[in-house]
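Notes follow once the structure below has been shown.
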Amino acid sequence: MIVKPDGVRKRHCGDIISFLEKNDLDIIGMRLVKLTATTAGEFYDIHRGKPFYNDLLAYMTSGKVIVIALQAENAVARMREIIGATNPRDAAEGTIRQLYAESIESNAVHGSDTPENGRREVGFFFSEKDLLETT
Ligand code: ATP
Ligand code: MG
């Protein structure tokens, strides 16, 4: 998961991390970083060519973000459920995006959408030896 620039700017990091803890999603890596255009571009490579791609990169590099590696049984599905829909207007009551997101772009958090992408995205920011895995 990533707390996006609007989430950090509006000081919702604590609230969002609290959601993870309350939902038994174990944090095994966490760092505050500012993405470069190159990193953000590679990270969002799957969206390259889409109409919102350039704006998305500009937005994701506009401020600090917190990158978080999570571990849990069924982690991706459970994390996506507490995040809510991409557009906060469609996000279910009590989800992170319903509570903290402003718009479809400034939507507080990113969450990996499949276990495979989750592994790829964790690998993007953390080496194996950085991760404090729960055994
Ligand atoms: P994320 O990948 O950030 O967790 P998501 O999986 O819910 O969000 P995606 O379809 O993967 O949504 O889109 C990635 C991000 O691109 C969204 O979170 C949002 O910030 C932005 N985005 C998606 N669709 C649009 C759109 N139509 N207009 C503007 N920005 C968009
Ligand atoms: Mg996505």
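Only Cα pairs within less than 10 Å get springs; with that Gaussian network setup on the chain, which residue of Thr38, Thr86, Thr61 has the largest fluctuation?
Thr38
Leaving out ligands and nucleic acids, and using a 1.4 Å probe, what accessible area per residue does the chain come to in Å²?
I get 56 Å² per residue for this part.
With springs only between Cα atoms under 10 Å, which of Gly14, Gly118, Gly84 fluctuates most in a Gaussian network model of the chain?
Comparing Gly14, Gly118, Gly84 in the GNM, the peak value goes to Gly14.
Looking only at Cα atoms, what is the convex hull volume of the stretch 69-135 per residue, in Å³?
About 99 Å³ per residue, rounded to a whole number.
Just want to confirm a number: the relative contact order over the chain, from Cα pairs under 8 angstrom separated by 6+ residues, in percent.
34
Report, ordered by chain and residue number, the lysines lying within cross-link reach of Lys10, taken as a straight Cα distance under 22 Å and ignoring same-chain residues fewer than 8 apart.
Lys22, Lys34, Lys64
Just to be sure I understand: with springs between alpha-carbon atoms less than 10 Å apart, which residue in Ile16, Ile104, Ile82 has the highest mean-square fluctuation in the Gaussian network model of the chain?
Ile104
Quickly work out the Lys129-to-Glu102 label distance, labels modelled 7 Å from Cα along the C-beta direction, and quote it in nm with one decimal.
It is 4.1 nm.
Could you compute the longest span of the chain free of GluC sites (Glu not before Pro) located in DSSP loops and having at most 15 other Cβ atoms within 10 Å, not counting the site residues?
The reported range is 1-72.
How big is the shadow of the Cα convex hull of the chain, averaged over all directions, in nm²?
Here the figure is 7.7 nm², rounded to one decimal.
The values are calculated or read from the model by the stated rules, or taken from the named source; none is laboratory data. None of the values given here were measured: they were computed from a predicted structure. We place every Cβ from the backbone using ideal geometry, glycine too, and count neighbours over all the protein chains shown. Accessible surface areas use protein heavy atoms only, side chains included; no ligands, DNA or RNA. Shrake-Rupley method; radii C 1.70, N 1.55, O 1.52, S 1.80 Å.
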